1. So, in region B:251-274, how many residues would count as being surrounded by 15 or more Cβ atoms within 10 Å (Cβ to Cβ), in a strand (DSSP E or B) and modelled with pLDDT under 80?
2. Give the residues of region A:200-224 that are of a type in the set (A, V, I, L, M, F, W, C) and within 21 Å of A:Pro140 (Cβ to Cβ), sorted by residue number.
3. Which one of these does A:Pro100 not meet: (1) buried (at least 18 other Cβ atoms within 10 Å of the Cβ); (2) part of a helix (DSSP H, G or I)?
4. Quick check on region B:126-169: of everything there that is farther than 14 Å from B:Pro84 by Cα and basic (Lys, Arg), which residue is farthest from ligand 1 (Cβ to nearest atom)?
5. Could you tell me which of the residues B:His9, B:His3 is away from ligand 2 (no atom under 16 Å from the Cβ) and under 20 Å from the mean Cα position of the chain (by Cα)?
6. From the set of residues in region B:21-45 that are within 16 Å of ligand 2 (Cβ to nearest atom) and surrounded by fewer than 16 Cβ atoms within 10 Å (Cβ to Cβ), which is nearest to the other protein chains (Cβ to nearest Cβ)?
7. Are any of the residues in region B:122-145 within 14 Å of another protein chain (Cβ to nearest Cβ), in contact (Cβ under 8 Å) with a residue 60 or more places away in the chain and more than 16 Å from ligand 2 (Cβ to nearest atom)?
8. Is there a residue being closer than 30 Å to A:Ala10 by Cβ and more than 14 Å from every other protein chain (Cβ to nearest Cβ) anywhere in region A:53-68?
Amino acid sequence: MRLEMNLYGARAIYMYEMARTGRTLLQSIVSPVISTSLYFVVFGAAIGSRISYIEGVPYGAFIVPGLIMLMLLTQSVMNASFGIYFPRFVGTIYEILSAPVSAFEIVLGYVGAAATKSIVLGLIILATSELFVPVRIAHPAWMLTFLVLTALSFSLLGFILGLWADGFEKLQIVPLLIITPLTFLGGTFYSTSVLPQPWRTVTLFNPLVYLISGFRWSFFNIADVHVGISLAMTLLFLATCLAIVWWFFKTGYRLKN
Amino acid sequence: MTHAIAISHLSKTYGSGFQALKDVSLDIRHGEIFALLGPNGAGKTTLINVVCGIVIPSAGTVTVGGHDIVKDYRAARSLIGLVPQELTTDAFETPPATMRLSRGLFGKPANPAVIEKVLKELSLWDKRDSRIMTLSGGMKRRVLIAKALAHEPQILFLDEPSAGVDVALRKDMWQLVRALRASGVTIILTTHYIEEAEDMADRVGVINKGELIVVEEKAELMRKLGRKQLILELRERLDAMPAALAGHGLSLAADGMQLVYTYDTKGETTGITTLLDQVRNAGVRFKDLQTRQSSLEDIFVGLVRQR
Ligand SMILES: Nc1ncnc2c1ncn2[C@@H]1O[C@H](COP(=O)(O)OP(=O)(O)O)[C@@H](O)[C@H]1O
Ligand SMILES: [Mg+2]
């Protein structure tokens with residue numbers, strides 16, 4: 001087999017998707033920033049006045065990594081799922097299917113674009129947070145690593161959702177009914193160590209606990225689970241998503257008759 | 001020399017169990033205009049979609065420019081431009097933006113000069129800043145053609161190009177198709193209009209119910225298809241053909257109440273005047289006459305029988 005790649009193809013999809021974001025700037029950037037600000041007002045002011053510190057970190061700052069994760073996950077899934085679902089829905093997918101692009105290049109274009117948006121959004125939210133609370137980042141390189149890996153994994157998950165969904169309801173229900181609860185139950189606004197048993201053990205089955213914990217560690221050097229485990233779980237999740245996408249394209253599932 | 005496209009024993013059964021293509025074998029020559037003629041549901045779109053990689057074949061092989069469409073899909077697909085049957089376009093983009101996507105997808109570096117040339121050829125240059133959703137149906141069809149041509153394909157598929165298209169676009173389109181052919185592009189179009197196949201094609205393949213019935217040079221096929229029938233409604237029943245009228249290719253029908261004459265509309269002379277004189281001379285009187293063009297269905301039945 002020859003090792004060849006249609007980078008023009010991947011790039012064309014990427015640029016096209018990025019241009020789509022440009023048109024929906026309000027929806028993809030402004031609205032998450034506003035909701036983050038609201039979280040700060042509500043949680044930071046209302047709860048923060050009662051709980052001042054968690055494990056030595058001011059409560060306002062403590063919730064920053066969780067908030068970024070919450071936005072990162074929902075936006076990645078929504079962006080990536082819509083990006084591939086829409087061409088399927090209106091039929092323009094015919095061109096992607098008939099083009100000399102491999103599954104890898106298609107994923108690179110769509111998931112790359114969705115992840116890029118999420119990463120930019122995550123950084124914007126981080127900057128917004130700075131307006132409310134001083135945030136220090138203990139391990140900036142790790143922070144970026146977790147940011148990128150999470151954006152990629154959940155954009156891939158969104159891509160899978162967009163390939164699988166056969167209606168708009170399913171497209172909206174997954175982020176709403178699965179991602180959001182998992183994030184809230186995954187230690188976004190608290191340390192899972194404060195939970196009583198058996199709930200503490202139950203949270204270990206929530207993959208988002210590992211992401212949020214690892215991400216928070218890169219900020220404050222405190223973690224619910226060891227950072228090595230966080231990283232391993234993130235990579236495992238990424239690999240699982242990749243395998244599912246690979247299988248979709250190999251079999252033509254929901255793409256070709 | 002290899003063919004532009006070589007289709008061998010191709011079959012397609014959809015997930016529903018419906019067999020849309022039955023053991024189709026067909027070679028498309030380099031630089032020809034090939035028309036795939038058949039009624040709705042014959043399997044034309046399915047055949048095109050298999051060649052383009054949109055539908056997975058159940059059996060058989062296809063090569064495009066000598067490249068297998070499965071094993072060597074990149075090389076095969078790079079050669080092809082597809083204008084689909086359905087008007088499926090982006091909504092929010094401009095024509096040049098969607099063309100840039102097409103060109104990139106097919107592995108070509110950006111080239112504004114090519115985009116501009118194609119837009120001008122399709123009278124879309126004035127619309128270059130308009131969002132596609134604001135364009136009329138005819139203009140959207142032009143955008144689809146522009147997308148297919150954006151990567152300068154060597155083979156162009158036009159699936160039902162004249163469906164829902166106005167006269168101006170049809171004229172432009174046929175002009176463009178001829179110009180493309182002159183520059184060496186191979187063109188495959190599907191249609192259910194005999195006239196369209198006749199106007200455009202070098203060769204015609206007739207497909208019905210998933211079976212490729214016949215593939216012929218256009219002139220030869222039109223000779224077969226271009227038959228009409230003249231029907232004379234008689235005043236009195238004829239029990240047998242009068243001797244004076246034998247040997248004219250006439251036949252009796254409707255229990256002797258009709259005389260039927262089959263003639264070739266493409267012939268130098270149809271022989272109708274002579275025939276009518278002879279009918280009168282033979283003392284046969286008729287009260288009415290009508291002519292009938294064989295329908296596509298009749299033709300299929302006829303072609304199947306001829307095989
Ligand atoms: N995805 C599909 N699943 C099941 N049957 C299909 C599908 N697509 C087309 N068909 C059937 O296959 C037959 C051929 O369709 P098509 O290739 O579109 O014909 P044509 O283009 O000649 O009108 C039709 O009977 C159609 O209903
Ligand atoms: Mg069709």
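The values are calculated or read from the model by the stated rules, or taken from the named source; none is laboratory data. No experiment lies behind these values; they were computed from the predicted model shown. Every residue, glycine as well, gets a Cβ built from its backbone with ideal geometry; the counts of neighbours run over all protein chains shown.
1. 2
2. Within region A:200-224, A:Leu211, A:Ile212, A:Phe215, A:Trp217, A:Phe219, A:Phe220, A:Ile222, A:Ala223 meet the criteria.
3. If we test A:Pro100 against (1) buried (at least 18 other Cβ atoms within 10 Å of the Cβ); (2) part of a helix (DSSP H, G or I), just (2) comes out false.
4. Only one residue tops the list, namely B:Arg128.
5. None of the other options fit; the residue is B:His3.
6. Top of the filtered list is B:Gly41.
7. Yes, the conditions are met somewhere in region B:122-145.
8. The answer is yes; a qualifying residue exists.
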